[in-house]
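The values are calculated or read from the model by the stated rules, or taken from the named source; none is laboratory data. Since the structure is predicted, the reported quantities are computational estimates derived from the model, not experimental observations. Positions of Cβ are generated from backbone atoms using ideal geometry, with glycine treated the same way; all protein chains shown enter the neighbour counts.
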Amino acid sequence: MKVAVVILNWNGEYYLKKFLGNVLDNSQNGYTEVIVADNASTDNSVEWLKENHPDVRIIQNRLNEGFARGYNEVLKQVEAEYYVLLNSDVEVTPDWIEPVVQLMDNNPDVSAVQPKILAYHDRESFEYAGAAGGFIDKYGYPFCRGRFFQHMEKDTGQYDDNCEVFWATGACMFVRSKVYHELGGLDGDFFAHMEEIDFCWRMKQKGYRIIFTPESKVFHVGGGTLPKSSSFKTYLNIRNNNAMLYKNLPRKQLSKVIFMRLLLDGIAGIKFFIDGGMKELLAVIKAHLHFYKMIPRLKQKRRQINPDEVSYVYRKNIVADHYLRGKKTFSELNPKKFRQPTK
């Protein structure tokens, strides 16, 4: 099989009913298989699938061990040249697969591709999880072309170019299966959140490129598993972001960046407390405590990665740019401040 579209489902019967038919209808090209991977759902998802889509292959995980391990276990059982990691709350469009496959076929150094991600409920705006391709700043804060923190841009064609990016979203990521398995897949210790950015960083460490293309377009609901205002999501994002930095930063940057993140996360914790209460503050504290406990394992992973500098890291602080300097769009950033690829 050329392409395997793999939808990881956990208690997502509502979204399967809403979007699976759309994915099937727009993936009938003769070389694509759509697979639903169930992460030990306790709702009626599997029964509904068997009754309403008996021809769809279902792979069932015995336990729900999160997004990362869930995909890793399932993809061991899937043979295809390209995997598409697709959230269950995504509406795809006609011909969403063909331009990406053509791009990857013609560029063997491209390991992953992200389509344009627009908001399902505001279809002229970019969506939070990916927008027009992702980047990180020098302290590991992620942002996108089309999205800074909670500010989403309208899509007016301003990012309608094939562009090399730092990361592609796990909401809809095309990835070479060979590279996925070469790198051991997503980091299962992350459970969920930041795992795709860490994975893309590791791909870049190996010299692969990640590309955004506007030739493919999907619409994402977002927040289908965890709501945006979730203390557990806050915990995962902060813990995993620090773990990602510890794994992938070059040695000369590591101590300074981790120290700065301790300070910045402390400031964020105070803001979370003011805005959302004690649960959010405790989530930040818990995230750091668990990150410190992870350090022995992270040291082992660093040795395997042997991290070096990679391209397309923004060499300034996006938090300061956005909240202090008022920058709201990617186009306002100085392109010279992105670390360029080594020739």
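Brief remarks follow.
- Residue that is farthest from the chain's Cα centre (by Cα) [pool: residues in the range 39-70 that are within 19 Å of K17 (Cβ to Cβ) and of a type in the set (K, R)]: K50
- Take the conditions (1) crowded, with 23+ Cβ neighbours inside 10 Å; (2) out of contact with any Gly (no Cβ under 8 Å at 6 or more places or on another chain); (3) part of a strand (DSSP E or B); K217 misses just one of them, which is (1).
- Taking each residue of the range 189-217 that is over 24 Å from T93 (Cβ atoms) and looking for partners that are among the aromatic types (F, W, Y) and assigned to a strand (DSSP E or B) with beta-carbon atoms closer than 9 Å, six or more apart or interchain, yields I197/W167; D198/W167; F199/W167; W201/W167; K204/W167.
- Counting residues in the range 170-187 that are in contact with an Asp or Glu (Cβ under 9 Å, 6 or more places away or on another chain), of a type in the set (K, R), assigned by TED's automatic domain parsing to the domain that holds P296 and in contact (Cβ under 8 Å) with a residue 60 or more places away in the chain gives zero.
- None of Y141, Y120, Y71, Y128 is in the same structural domain as Y208 (by TED's automatic domain parsing) and buried (at least 23 other Cβ atoms within 10 Å of the Cβ) except Y71.
- Residue selected from the range 144-172 under the condition of a type in the set (V, I, T) and assigned to a loop (DSSP other than H, G, I, E, B), by the criterion surrounded by the fewest Cβ atoms within 10 Å (Cβ to Cβ): T156
- Residue in the range 20-33 that is without any contact (Cβ under 8 Å) to a residue 60 or more places away in the chain, under 14 Å from L85 (Cα atoms) and assigned to a strand (DSSP E or B) present: yes
- Residue-level analysis places M278 among those that are outside the structural domain of L183 (by TED's automatic domain parsing), of a type in the set (A, V, I, L, M, F, W, C) and farther than 15 Å from N240 by Cα.
- Hey, F259 exposed (fewer than 13 other Cβ atoms within 10 Å of the Cβ), without any contact (Cβ under 8 Å) to a residue 12 or more places away in the chain and aromatic (F, W, Y) or not: yes
- Some residue of the range 58-66 being buried (at least 17 other Cβ atoms within 10 Å of the Cβ), under 30 Å from Q205 (Cα atoms) and touching a Pro at 6+ places or on another chain (Cβ under 8 Å): no
- Between L281, L298, the distinction of being surrounded by 13 or more Cβ atoms within 10 Å (Cβ to Cβ), in contact with a Gly (Cβ under 7 Å, 6 or more places away or on another chain) and in a helix (DSSP H, G or I) belongs to L281 only.
- Scanning the range 173-188 for residues that are hydrophobic (A, V, I, L, M, F, W, C) and assigned to a loop (DSSP other than H, G, I, E, B) yields L183, L186.
- Qualifying residue in the range 223-241 (condition: outside any helix (DSSP H, G or I), surrounded by 15 or more Cβ atoms within 10 Å (Cβ to Cβ), touching a residue at least 60 places away in the same chain (Cβ under 8 Å) and not polar (S, T, N, Q)): yes
- Leading residue by the ranking (nearest to T169 (Cα to Cα)) among those in the range 109-136 that are in a loop (DSSP other than H, G, I, E, B), among the charged types (D, E, K, R) and touching a residue at least 60 places away in the same chain (Cβ under 8 Å): E127
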